Amino acid sequence: MKARSPGLRRLFVTCGALALALAPHLAQLPVWISAAFAGTVLWRLLAEQRGWALPPRALRAGAALGATLAVFAGYRTLNGLAAGTALLSIMACLKLLETRAPRDHAVLVFVGYLLCLATLLYEQSFLRLSYVLAAAWLLTAALARVHRPVEANTEVRPFRLAARLLALGLPLAVVLFLFVPRIEGRFWALPTSTPRHMTGIDDEMSPGDVAQLGLSDDPAFRAWFEGPPPPPEQRYWRMLVLEDFDGRKWRRYATSADSGAPEVVAGGALYDYRIVLEPTSREWLAGLDTVVRWPSGEAFRSRATTLVRIDPRIAERVPVTAPFSYSLRSAIDAAVMPTALPRDLQRRDLQLPDGRAPRARALAVELRTQSHDDRDFVARVLDRFRREAFEYTLEPPPLGAEPVDEFLFATRQGFCEHYASAFAVLMRAAGIPARVVAGYQGGEFNAYGGYLLVRQSSAHAWNEVWLAGAGWVRVDPTAAVAPDRVRRGSLPRALTEVAGARLFGDLAWLARARAMWDAGRTAWYEAVVNFDPAGQQRLLDRLGLGERSWQGLAIALATGFALAALALGAWLAWELRPRHRDPLAAGWNALCERLASAGVPRAPAEGPLDYARRVAAALPAFAPAMAALADSYVTARYLPGASAADRTRFLALARALRRRLRVARP
Amino acid sequence: MSHAADTRRALEPVIAALNGIVLGKDRQVRLALACLLARGHLLIEDLPGVGKTTLAQALARTLGLSYQRVQFTSDLLPADVIGVSVYDRDSGRFEFHKGPVFAQLLLADEVNRATPKAQSALLEAMEERQVTVDGHTHPLPEPFFVVATQNPSYQLGTYPLPESQLDRFLMRIELGYPSAALERDLLRGRDRRELLAGLEPLLDGAALQSLQAHVPKVHVAEPLLDYVQALVQHTRDSGHFEAGLSPRAAIALLRASQAWALLHGRPGVVPEDVQAVARCVAGHRLELRTAVDGSHAADLDRLLLEAVAVP
């Protein structure tokens, strides 16, 4: 490598660290800012090498104003994460143009720290954190390099120092992380200019309009069960209920009365579990059919049999914008309190728009007359789906003006939404209250993390029908057509598993690696990123400080700080410990300490003979002993031909004198 | 009995005799002797008239060394110090006439009054312990000991010795004014010249040489080596000094410490020995970076000796 001046090297390190801090933002930043950064860094390095003059003040001021205006023009604001990051990045470029003194370097490094922080506001994955830590390490090294005299810096020394500083800061960071009071949600939720597009369940369903169903493999939620999870065919996760049908679209009713938790009357297996829902930007929550208990308090309410998240402070539904954790109990295969359906609800769930789907209605009436009761009618309709040439496909042909009739009698191709919609229409036409339920069906068990992972691709729609004496009963018409869909719990799995196996052979190892990765990621989010007030309270409970939440936090914080300081002190003491491999020196120092507490401390630079004379003068009673001791110490330590006997003699004398001093102590 | 005890017994009378001439300067007398034992040269820096010459002469007499004195002046030539080749008409050859440097103890008085050229002639002879004139090398007598005196450099008409030359001197000592009581004794007593004339040699060159041979054999324990190294390192790292001590200076410090230990009858060096000589050995080799109140010597004690812990 070419020999470079210290100034150039310093600039090089600072620019490198800054570039590293900026790199994660490149995807979000406008191209002109990235280009400006790269150009400025290159120019500034060249200027340093060639000794060019830096731009004058007026030019810099003009550039700063122009850059601010440009950012404002691009974002229509200077507030918010994206615009703020852009402004910060462009200001770092401009600062580079006047960077001469160590102070300027320090400013650049601090801009770098801010960029790191902004990076974490976008994403908190483990990989991202590792990257940010690495960037922070380099930034700290750049700072150390700037603030130490040139001759104290080798190429590696600032990096070692920075690593050590970060390591020393770690215990304090952990204490702060654990015990600084947590705020519900994300307190840093800055306005982001582009709301993230959320995949997932929509509150409208219009089977005829969707020609192709997007299949996302993103996780929808994870569920931890206290016992074994329910069998795959029972994994129906209700999310919301669609009842309002206009002949084409299914919608939910915007307003409806609260309802309490249903009462289990008989049978069924109970499951207790905790769900961590990925952000949906919707307020409704997933729960295993049938949820019979949700957390007390006001955080949950069941509206129109849909579980929603309520913010108790404003008594309003709040969308789930950050991973949200809640515990539920569900009963499967249970008979739920069969009360009569209120009249208004009954009317709602029997409603069909006038004149729509005439052929379906006719079919329903015909089948109903052949059946001896409602249950038989349901069985007949399912049987019809099973027997006739209905096909399950993710790419159904689009449907025209009368989607239900066209699907039932012409195309006969569709996915769950088509079947659920058609089934509900048939039921209502036959006088059976019916509704569409949207949610998820399935979930893969992750053995490494011990949870069920439900992906967006498991989104599903099915029906509930009101049967006299039994209440609402779940019916999944899709299962009649494509049993695999239900057994495998996911659309793509059902359709592609066979093809995939043929293509790649045994993919078990890939699946295992995927499960492992997801388990690690989940553990990280569970333990660190989603460490919320509840988690903090659990931690305090475990520490026995649970009853007094605020004082508890203060106590834990203070204790944590004290412990961290203690650990730091212990480390320093260990680092700076006097290293006496020599028992003679150890004996001598022990004696000197004893004499120091007797009022005659030895100056560090004081030789043994001088010290002995001083001790003899200060403590005449010990004068002869001290003289003999110093003599023996010098003989054993400094004079030629010192034997083991000399050493033993000194150590014995030192012990004796120490004892005498202890006894004589006032 | 050890060499150390022998040495002490041999030198105690010398010290006593010297103290009889140079009153109240026991420490400086011992340092001068230690310097001589360590085969080093001595620089005495002080005002005229405090007894520099007397000390040098007394040393020469008591130790039984041949003595020469050169008064350094601004017109002194190198030949005046080392000698000159003169054509001898009788033999028809050039004959070397030895200069005053061919003495066992050379007193170079007011060495900083001479021009650098004359100074360097002497200093080269000190270092090489031989003189080369016209291609002929003439070894200097053994033992060879130079006592140079120097007026404080703020006096007029001086050519201060450059640092590289100062390094040739093992020690630099200052004599200082005598105390009031001793000064009265001095006034009341006989003339120093008479006293000097009455001094009997207590040793001779050969005896001194054998004593000098013992110095490098004085035991140096590991922790003491650590201590010397730590002191030297401190002059390099602490930032109080313009430049740290060189490895040569470190060796000088160790030799001087060994000589001091020998002089006091110790077969091994103790930290106090190092501390006793450190100021004289290091003082003229170090320049303080910032002027601190108080004397140079006090600063050196504070910034060097008190700053480095005894291992």
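The values are calculated or read from the model by the stated rules, or taken from the named source; none is laboratory data. A quick note: this is a predicted structure, and the numbers were derived from the prediction, not measured. Cβ sites come from the backbone with ideal geometry, for glycine too, and all protein chains shown count toward neighbours. Side chains included, ligands, DNA and RNA excluded: accessible areas come from the protein's heavy atoms. Shrake-Rupley method; radii C 1.70, N 1.55, O 1.52, S 1.80 Å.
Some observations on this one:
- B:Thr235, sole failed condition from (1) within 13 Å of chain A (Cβ to nearest Cβ); (2) farther than 23 Å from B:Leu63 by Cα; (3) in contact (Cβ under 8 Å) with a residue 60 or more places away in the chain; (4) surrounded by 22 or more Cβ atoms within 10 Å (Cβ to Cβ): (1)
- Every residue from the stretch A:602-619 that is in a loop (DSSP other than H, G, I, E, B) and more than 13 Å from every other protein chain (Cβ to nearest Cβ): A:Leu619
- Condition met for B:Tyr177 (in contact with a helix residue (DSSP H, G or I) (Cβ under 8 Å, 6 or more places away or on another chain) and open to solvent by 70 Å² or more (accessible area, probe 1.4 Å)): yes
- Test: residue in the stretch A:339-361 that is under 23 Å from A:Asp246 (Cα atoms), in contact (Cβ under 8 Å) with a residue 60 or more places away in the chain and among the small types (Gly, Ala, Ser): yes
Matching residues to (1) within 27 Å of A:Ala438 (Cα to Cα); (2) at pLDDT 80 or above:
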position: A:Pro492; (1), (2): yes, no
position: A:Ala499; (1), (2): no, no
position: A:Ala527; (1), (2): no, yes
position: A:Asp532; (1), (2): no, no
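- Hits in the stretch B:180-206 - residues which are open to solvent by 40 Å² or more (accessible area, probe 1.4 Å), in a loop (DSSP other than H, G, I, E, B) and at pLDDT below 80: B:Arg190, B:Asp191, B:Gly198
- Residues satisfying the stated conditions in the stretch A:179-222, i.e. modelled with pLDDT of 65 or more, outside any loop (DSSP other than H, G, I, E, B) and either polar (S, T, N, Q) or open to solvent by 50 Å² or more (accessible area, probe 1.4 Å) (or both): A:Glu204
- Which listed residue is under 25 Å from B:Leu107 (Cα atoms), out of contact with any Gly (no Cβ under 7 Å at 6 or more places or on another chain) and hydroxyl-bearing (Ser, Thr, Tyr), from B:Ser164, B:Ser238: B:Ser164
- Selected residue (criterion: modelled with the highest pLDDT) from residues of the stretch B:287-306 that are away from chain A (no Cβ under 14 Å) and open to solvent by less than 70 Å² (accessible area, probe 1.4 Å): B:Leu288
- Any hit, the stretch A:626-638, residues being at the interface with chain B (Cβ under 10 Å from one of its Cβ atoms), of a type in the set (Val, Ile, Thr) and open to solvent by 30 Å² or more (accessible area, probe 1.4 Å): yes
- Matching residues, the stretch A:115-128, being touching a residue at least 24 places away in the same chain (Cβ under 8 Å) and surrounded by 15 or more Cβ atoms within 10 Å (Cβ to Cβ): A:Leu115, A:Cys116, A:Ala118, A:Thr119, A:Leu121, A:Tyr122, A:Gln124
- Residue within the stretch A:558-572 that is away from every other protein chain (no Cβ under 14 Å), part of a helix (DSSP H, G or I) and within 30 Å of B:Gly265 (Cα to Cα) present: no
- Residue within the stretch B:109-127 that is modelled with pLDDT of 85 or more and in a strand (DSSP E or B) present: yes
- Scanning the stretch B:262-283 for any residue that is away from every other protein chain (no Cβ under 14 Å), under 20 Å from the mean Cα position of the chain (by Cα), of a type in the set (Lys, Arg) and open to solvent by 20 Å² or more (accessible area, probe 1.4 Å) turns up nothing.
- Members of the stretch A:80-105 that are small (Gly, Ala, Ser) and touching a residue at least 12 places away in the same chain (Cβ under 8 Å): A:Gly80, A:Ala82, A:Ala83, A:Gly84, A:Ala86, A:Ser89, A:Ala92
- Count of the stretch B:128-160 residues which are modelled with pLDDT of 80 or more, open to solvent by less than 60 Å² (accessible area, probe 1.4 Å) and farther than 21 Å from B:Ser66 by Cβ: 1
- Residues being open to solvent by less than 60 Å² (accessible area, probe 1.4 Å), in a helix (DSSP H, G or I) and within 14 Å of chain B (Cβ to nearest Cβ) - total across the stretch A:639-666: 2
- Here A:Pro583 clears all of (1) within 14 Å of chain B (Cβ to nearest Cβ); (2) buried (at least 18 other Cβ atoms within 10 Å of the Cβ) except the condition numbered (2).
- Verdict on B:Glu242 being among the charged types (D, E, K, R) and within 14 Å of chain A (Cβ to nearest Cβ): no
- Any hit, the stretch A:441-462, residues being closer than 25 Å to A:Tyr253 by Cα and modelled with pLDDT of 90 or more: yes
- Test: residue in the stretch B:210-227 that is among the acidic types (Asp, Glu) and within 14 Å of chain A (Cβ to nearest Cβ): yes
- Across the stretch B:16-52, the number of residues qualifying as in a helix (DSSP H, G or I), in contact with a helix residue (DSSP H, G or I) (Cβ under 9 Å, 6 or more places away or on another chain) and touching a residue at least 40 places away in the same chain (Cβ under 8 Å) comes to 13.
- Checklist (1) under 20 Å from B:Val111 (Cα atoms); (2) out of contact with any helix residue (DSSP H, G or I) (no Cβ under 7 Å at 6 or more places or on another chain); (3) at pLDDT below 85 applied to B:Ser2, failing item: (1)
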